[in-house]
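The values are calculated or read from the model by the stated rules, or taken from the named source; none is laboratory data. Bear in mind that the values here come from a model prediction, so they are computed numbers and not experimental data. Cβ atoms come from the backbone with ideal geometry, glycine included; neighbour counts cover every protein chain shown. What goes into the accessible areas is simple: the full protein's heavy atoms, side chains included, and nothing from ligands, DNA or RNA. Shrake-Rupley method; radii C 1.70, N 1.55, O 1.52, S 1.80 Å.
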Amino acid sequence: MDQRRLAALVRWEDIGLGQFELHVPMFDRPVDFVLFPADGAESVVTEAMARTVEDVLRLEAAALAIIESLLWEECLFSFQVADYGVDVEPGETSLQAHLREFGVASPQDAWRKARLTEIHISDGHAARFAQIKFDTVANNLIGVIVKDGRIVDYDDDGTHLGWFEGDERHAHKRRQKTLK
């Protein structure tokens, strides 16, 4: 994405965030984007922001399978660490009861029941970071993290992206530790 072309699309809010909409080929639809300048930086489109938007636009259809897998992982994790008030039937585990009650049995179900909300572009890091925001089947707001053009993990809304500079699977490892 050309920096000047992107700058022409962006509407800057009083709080310093930039908003625009672009068609994202991987999702085959327009998606709202939000630009987050680096801490203390002025509200302008930087070259890094433009490159990060391009990273997202270049994600291929195969990346959708990675997103499905991460949404499935979030579903399984959420249903193992939280109780959504589902009645467990005889012979069922709590996880099985939650999957039944929420109507999910696969990564594709987790994808179909999630809602893509927007894409955040964060400036001020050594790497280029985007977060593809979803409301999940478990009713959680998460960000699928795109680092330098690759989907690397997901984490809760508001995660500290600096954790992913050195360890791309930082949140995944935390989730695995929680499940042990």
Exercise. Which pairs do you get when a residue that is within 21 Å of Gly162 (Cα to Cα), found in the range 15-39, comes within reach of a residue that is crowded, with 16+ Cβ neighbours inside 10 Å and among the charged types (D, E, K, R), reach meaning Cβ atoms under 7 angstrom, with the pair 6+ apart or on two chains?
Worked result: Phe36/Asp123; Pro37/Asp123; Ala38/Asp123
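Yes/no per residue for (1) in contact with a Gly (Cβ under 7 Å, 6 or more places away or on another chain); (2) modelled with pLDDT under 95; (3) not acidic (Asp, Glu):
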{"site": "Ala105", "(1), (2), (3)": "no, no, yes"}
{"site": "Arg115", "(1), (2), (3)": "no, no, yes"}
{"site": "Leu141", "(1), (2), (3)": "no, no, yes"}
{"site": "Asp148", "(1), (2), (3)": "no, no, no"}
{"site": "Tyr154", "(1), (2), (3)": "yes, no, yes"}
Problem set entry | Residue in the range 101-123 that is least open to solvent (accessible area, probe 1.4 Å), counting only those that are in contact (Cβ under 8 Å) with a residue 60 or more places away in the chain and farther than 17 Å from Glu54 by Cα | Leu116
Exercise. Out of (1) open to solvent by less than 30 Å² (accessible area, probe 1.4 Å); (2) assigned to a strand (DSSP E or B), the odd one out for Met26 is which?
Worked result: (2)
Problem set entry | Pairs where the first residue, in the range 153-180, is under 20 Å from Ile67 (Cβ atoms) and free of Cβ contacts under 8 Å to residues at least 40 places away in the same chain and the second is among the acidic types (Asp, Glu) and not in a loop (DSSP other than H, G, I, E, B), C-beta under 7 Å, 6+ apart | Phe164/Asp153; Glu168/Asp153; Arg169/Asp153; His170/Asp153; Ala171/Asp153; Ala171/Asp155
For this session: Kindly indicate the residue of the range 6-23 that is part of a loop (DSSP other than H, G, I, E, B) and open to solvent by 40 Å² or more (accessible area, probe 1.4 Å) and also farthest from Ala62 (Cα to Cα) among those meeting that condition.
Result: Asp14
Exercise. Which condition does Gly158 not pass, out of (1) under 30 Å from Glu47 (Cα atoms); (2) open to solvent by less than 20 Å² (accessible area, probe 1.4 Å), if it passes all the others?
Worked result: (2)
For this session: Taking the residues in the range 46-94 that are outside any helix (DSSP H, G or I), of a type outside the set (Ser, Thr, Tyr) and buried (at least 16 other Cβ atoms within 10 Å of the Cβ) as candidates, determine which candidate is nearest to the chain's Cα centre (by Cα).
Result: Leu59
